[in-house]
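Encoded as structure tokens, the structure appears first; notes follow it.
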Amino acid sequence: MTIVMKEEPASARRERGGRTVVEVDGARVGGGHFALIAGPCTVESREQMLEAARAVRAAGAHMLRGGAFKPRTSPHSFQGLGVEGLRLLQEAKEETGLPVVTEVMDARDIEDVREVADVIQVGARNMQNYTLLAELGRAGLPVLLKRGLAATLEELVMASEYVLEEGNERVILCERGIRTFEAAYRFTLDLLAVPVLRELTHLPIVVDPSHAAGRRELVRPMSLAAAAAGADGIIVEVHPAPGLAICDGPQALPTESFARYAEDVFRVAEVAGHLGCRECG
């Protein structure tokens, strides 16, 4: 039996001759278009989700994030509201008009998530869940693929191939920090990944400063640095009362100061050459 390998992966930049632009209900990511994706780490209640969504919309963000299903290190930690969380995301989506980005952890949940999500997120711990990636490739929605905790850039790009090979070309890569020896913050945000991934692939690249920092005072400077490095977007956590958050409160930005944060990020992204930051991606 002879195994024939493709000479070049579908994700390689030179195969397409340009940058992929992923369009999501009027918002665009990549190819010069910058997108700000924001919302709480996890959906906790109707009031929390709607208040966060309104603040995100008012600040000019392009998409709303929120976790209905949550992968947690401990099985005893809050695992998300599940289908009820999806219902609350749908309500927030209908009120604000923002496209929804939410995570799927299990292929058995794809159909439920598809009814609400405009972009399906694959978390760092599932980056190499190749069966799930292939299923999402067939699901037809854009996929935001986060880099694994100890994954190389080549492994991230190869993971994206599992989605692309199923005919789904709308893949967004996400740098969210990798595990190193440093313990002063949660993960090490690898900003060099942004320009290097731009060499390796035509796919859009966004950065998640929240999970890398683990501390809200570090989120703004890392967001600005990511925009300056050429990222096609930022996905960040916002909460009406971070001190009361069930999950990842210390890294969440308060809704009351989010508009100023968004303005600063848009300004740097425009200096870096992105267009339409304040309008619709």
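Bear in mind that the values in this text are calculations on the coordinates, not laboratory data. Please read these numbers as outputs of a predicted model, since none were measured by experiment. Cβ sites come from the backbone with ideal geometry, for glycine too, and all protein chains shown count toward neighbours.
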Full extension between T152 and R260 adds, at 0.36 nm per residue less the Cα distance, a length in nm of 35.5 nm
Applied in sequence order to the range 94-105, the curve 6.51 cos²θ - 1.76 cosθ + 1.60 (Karplus, θ = phi - 60°) yields integer Hz couplings, x standing for Gly and Pro, of 5, 6, 9, x, 7, x, 9, 10, 8, 8, 10, 10
With label points set 7 Å from each Cα along the Cα-to-Cβ direction at F181 and D112, the distance between them in nm comes to 4.4
Non-local residues with an amide H under 5 Å from the amide H of R28, with H modelled 1.01 Å from N and Pro and chain starts lacking one, are G281
If N is the residue count of the range 23-271, its Cα Rg over 2.2 N^0.38 Å rounds to 0.91
Per DSSP, the loop-located GluC sites (Glu not before Pro) within the range 179-281 having at most 13 other beta carbons within 10 Å are E182, E279
Within the set A38, A227, A259, GNM on the chain using Cα springs under 10 Å gives the largest fluctuation to A259
Per DSSP loop assignment and a cutoff of at most 16 other beta carbons within 10 Å, the chain keeps its longest run without exposed chymotrypsin sites (Phe, Trp or Tyr not before Pro) at 79-180
Per the charge dipole of the chain (beta-carbon charges, Lys/Arg positive, Asp/Glu negative, Cα centre), the residue among P240, A117, Q90 reaching farthest to the positive end is P240
Check: C-alpha center the range 77-106 vs C-alpha center the range 107-147, spacing in Å is 14
FRET efficiency for T131 and A228 from the Cβ-Cβ distance with R0 = 51 Å, rounded to 0.05, comes out at 0.85
Expressed as a whole-number percentage, the relative contact order of the chain with C-alpha contacts under 8 angstrom and at least six residues apart is 23
Placing each pseudo-label 7 Å from Cα in the direction of the beta carbon, L192 and E23 end up separated by a distance in nanometres of 3.7
